[in-house]
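The structure appears right after this line, and notes come after that.
Computed from the coordinates by the stated procedures, all read-outs in this text should not be read as laboratory data. Every value quoted in this text rests on a predicted model; they were computed, and no experiment measured them. Glycine also receives a Cβ, built like all others from the backbone with ideal geometry; neighbour counts cover every protein chain displayed.
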Amino acid sequence: MKHPLDFHVVAKCSTTKARVGSLKLPHATVSTPVFMPVGTQGTLKGLLPEQIEEQNCNLILANTYHLGMRPGTEVLNKAQGLHNFMRWKNALLTDSGGFQMVSLLKFSELTEEGVKFVSPYDKREILLTPEKSMEIQNAIGADIMMQLDDVVSSLIDDRARVELAMERSVRWLDRSLEAHRNKDKQNLYPIVQGGLHPDLRKVCAEKLLERYVAGYAIGGLSGGESKEDFWRMVDLSTDYLPDEKPRYLMGVGFAVDLVVCAALGCDQFDCVYPTRTARFGSALVEGGHVLPLHRSVYAEDFRPIEENCPCNTCTNYTRAFLHHTVRRETVACHLVSVHNVNFQMRLMSSIREAIIEDRFPQFIRKFMKKAYPNGIYPAWIVAALAKVNVNLSAGST
Amino acid sequence: MEPIRFTLNRVSAGRMGSVVFQGSAPFFTPGCMLYAQSGSVPHLTLDNLQRVVDVPWPIVIPLQSVYDMLKSVKTFRKPLGEFCGLPARNPVIIPLHEALREVPTGNNDSAGVAIWKPAGRVRLSSENLVELISVFKPSAYQALTDGDTPQNCSNKRLNHSVTRSVDYLEECLKLHGEQSLKSGVLASIQGGFDVKSRKFSIRGTLENESRVSGYIIDGFHYNGESTALLNYSDIEDVLTATLKELPEDKPRFMLGCFNPDLVMKLVEAGVDCFDSSFACLCSDRGQALNFTFQDVKLAVEGPRYLQLNETHYKDDMRLISENCKCYTCTEGFTRAYVNHLLVTREMLAQVLLQLHNLHHYLKFFESLRSNFSKS
């Protein structure tokens, strides 16, 4: 049976591993590389679906663990899925709940069967198994679902534990594929695990390649490991994955990381960062810099957050006004979130354009100069980019 | 140009008219101005506000919430409304206090009137106020006034409130004139729940009648949630006696989060201008207004709102209100979804509720006006 997902590479960078793809999903056709804002509880932090669309965003994330707890599958089924419930016409991706094993570790207990969580809301125990995760994700109805995986912190030292987690994740993938009830409308991505061990990552990828799936996620990273380890794991994971299928790098959303990881051949990214940081009054600007708008330097700064940004916030509001309202009024959160989502979307669009016009290396160099105006680049960026044939110092004076 | 031009079209049970703020499009009364805090209608970005009303629309921006913006607006050199992202021609009315925050009693003295800005309390003098107004350049503002008159306050307090308010008005008008400010001055009628004091306040105020653009009937509540519980019977006698003494030719404002039942009575009694803080209060409390007002007299029967965080809405897949034309209802957001957002404390709950409640509250005023024209 054909997957309800059609991916084809539209353009390839002739220098790096970057590519532009067209990802056709049941609810939207998405251009990759794409950043997917995170709407954990079936809402993107105060924004109306229409406001999300206005930022040229047509694929967002929701969270299985949270939605399984509240409102639960019964309500989701009655609402005929999350798209309808939250009035979002475009594409959705759900993570599996695996990540919460790490983030809510103290509430969980792990066995081969699944993870037992104690709900922080009502102290109820729930057992999240691969089957249960699929049941919730089928009720949500996202265009792309994630398998439940055994997520261990990327900081863990115990190789045996990492290996066990990787192997268990593959077993859980098979159970997930078996339990998936909506194969004509929803896709299931397996997740490449293996921690920071290249050989385990390789074994994992090989096992996943034996399964019939629509795309792949690269997991177990962005958990506090060194950037050096991070980029190497991303790089070798994309090497093992087939060119003709989309690759989703989980939990990445800083501008610099997006540029590097697009160069390493990743197609999809997600992160709570742009909207979370907005709630604290931090606005994203060129080069991935942050304006902490609550600081008094902005009290008489009558420019928009970003001069050429087309978003409603930059069209109507100044930094000075936002300075007086961030951390006080919800409206300020919404305004900065709108801008930050727009920022991410524009960044990805500029990456795609550069790849299509085959000037991505120049784009990267220009971007990095903006990101590090003093010209001192972190070693991991220099190394990662050198690996895909981009010399950061080349062309600079 | 006069700061406020009021046209009274008709007086029967209540008044119908229109207010033109500094050449703006007429604002029809009885009417509901938008309620803002820190320069925004709570929870609504400008694009979302435009999903409810066509701006420009008169907006009430309480001084306490924008007090700290003084220095910024001064450097900006354009009026407060534009600083807050509103269109240039949008009328801005500045009262002293936020309708949704209770004013603690017992803080006013001869040194001035206490207001609570975000960073804490300040005592405001007429000089302070007029300086702020000279920078903020609103269409109209509330002259300094002491409205701290709880229902059972002492005669001495009543006396202070009334006499100081008359003096403050005099001071504000003087400073206002010296600086040739263009804003309209709204004089507050104080006197709490005492008819004699009210009359005294009116007499004092009317000494400056020609320099005043409208009246704020103040001192019947101290803002905050409790205002929503105010009943007409609590204030009827004093209010009607007060309104009788006021000249007909100027608009009468009553600010606060009044429930629709009270609004109907106040309109009948002859109050012209209100604000939308009640809609916001409901949104903040997880309530969706759902009273009907096809026939306003009947409207006051039955529940006024749905308490959407109650568990039984968890799987209620109906719209908040079947025939409602608001954004939330026409876009198909259900009670169950709003319930989910409330339960998970997601900010979109208040956005969707505010889109609905503000629409509903404004429609309610529209129906009050059309009922008038029919009768």
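Values as computed for the structure displayed
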| quantity | calculated |
| --- | --- |
| Partner chain coverage, peptide A:80-86 - average Cβ within 10 angstrom | 3 |
| Karplus 3J(HN,Hα) series, Hz, for the range A:84-95 with 6.51 cos²θ - 1.76 cosθ + 1.60 (x for Gly, Pro) | 5, 4, 9, 6, 10, 7, 8, 7, 10, 10, 10, 7 |
| With Cα atoms, 0 to 90° folded angle of helix B:155-178 axis to chain B main axis | 80 |
| Average partner coverage of B:336-343, which counts Cβ from other chains inside 10 Å | 5 |
| Rounded to 10°, Cα long-axis angle of helix B:348-374 versus longest principal axis of chain B | 70 |
| Residues A:His339, A:His27, sorted so that the one with the fewest Cβ neighbours within 10 Å comes first | A:His27, A:His339 |
| Within-9-Å neighbourhood charge of B:Phe76 [Cβ basis; K, R +1; D, E -1] | +1 |
| Residue of B:Gly219, B:Gly177, B:Gly286 that the Gaussian network model of chain B assigns the largest fluctuation, springs spanning Cα pairs under 10 Å | B:Gly177 |
| Volume per residue that the Cα convex hull of the range B:209-254 spans, once the total is divided by residue count, Å³ | 84 |
| Dipole of the range A:142-184, positive direction: furthest Cα of A:Met146, A:Ala179, A:Val162, with charges on the beta-carbon | A:Ala179 |
| Along each principal axis, Cα extent of chain A, largest first, Å | 57, 46, 40 |
| Spatially close lysines, pair count over the range B:4-284: Cα under 16 Å, gap of eight or more or interchain | 11 |
| Cβ-based net charge around A:Arg327, under 12 Å, with every Lys or Arg adding one and every Asp or Glu removing one | +2 |
| Leading residue at positive end of dipole, chain B (Cβ point charges), from B:Leu80, B:Ala13, B:Pro247 | B:Leu80 |
| Cα gyration tensor shape for the range B:4-284, rounded if a/c is under 1.5, else prolate or oblate | rounded |
| Under 5 Å, built H, 5+ apart or other chain: amide partners of A:Asp95 | A:Ala62, A:Thr64 |
| Gaussian network model of chain B, springs between alpha carbon atoms under 10 Å - residue of B:Leu46, B:Leu34, B:Leu96 with greatest fluctuation | B:Leu46 |
| At least 18 Å along the helix axis (C-alpha) and Kyte average at least 0.0, DSSP helices within chain A | A:330-356 |
| Links that overshoot a 30 Å alpha carbon limit, given the list A:Lys24/A:Lys78; A:Lys24/A:Lys132; A:Lys2/A:Lys123; A:Lys227/A:Lys370; A:Lys12/A:Lys370; A:Lys45/A:Lys132 | A:Lys2/A:Lys123 |
| Value of Rg/Rh across the protein assembly as shown [Cα atoms, Kirkwood radius] | 1.05 |
| Angle in degrees between helix B:260-269 and the longest Cα principal axis of chain B, rounded to the nearest 10 | 40 |
| Theoretical FRET efficiency, 1/(1+(r/R0)^6), r = Cβ-Cβ of A:Arg159 and A:Lys89, R0 35 Å, to 0.05 | 0.15 |
| Approximate spin-label separation B:Lys363-B:Lys196, in nm, with each point projected 7 Å along Cα-to-Cβ | 4.9 |
| Given charges at beta-carbon only (K, R positive; D, E negative), |dipole| of chain A in Debye | 600 |
| Projected label distance in nm at B:Glu248 and B:Ser210, using a 7 Å step from Cα toward the beta-carbon | 2.2 |
| The range A:95-158-the range B:201-261 distance, computed between alpha-carbon centres (Å) | 59 |
| Net dipole in debye of the range B:4-284 [+1 Lys, Arg Cβ; -1 Asp, Glu Cβ; about Cα centre; nearest 20] | 620 |
| Length-normalised contact order for the range B:289-354 - Cα pairs under 8 Å, 6+ apart - percent | 27 |
| Structure-based [θ]222 nm, chain A - -39500 (n - 2.57) summed over DSSP H runs of at least 4, per residue, nearest 500 | -12000 deg cm²/dmol |
| Inter-centroid distance (Cα atoms) of the range B:1-25 relative to the range B:27-74, Å | 20 |
| Most positive-pole-ward Cα, A:Thr325, A:Leu59, A:Gly46, against dipole of chain A from beta carbon charges | A:Thr325 |
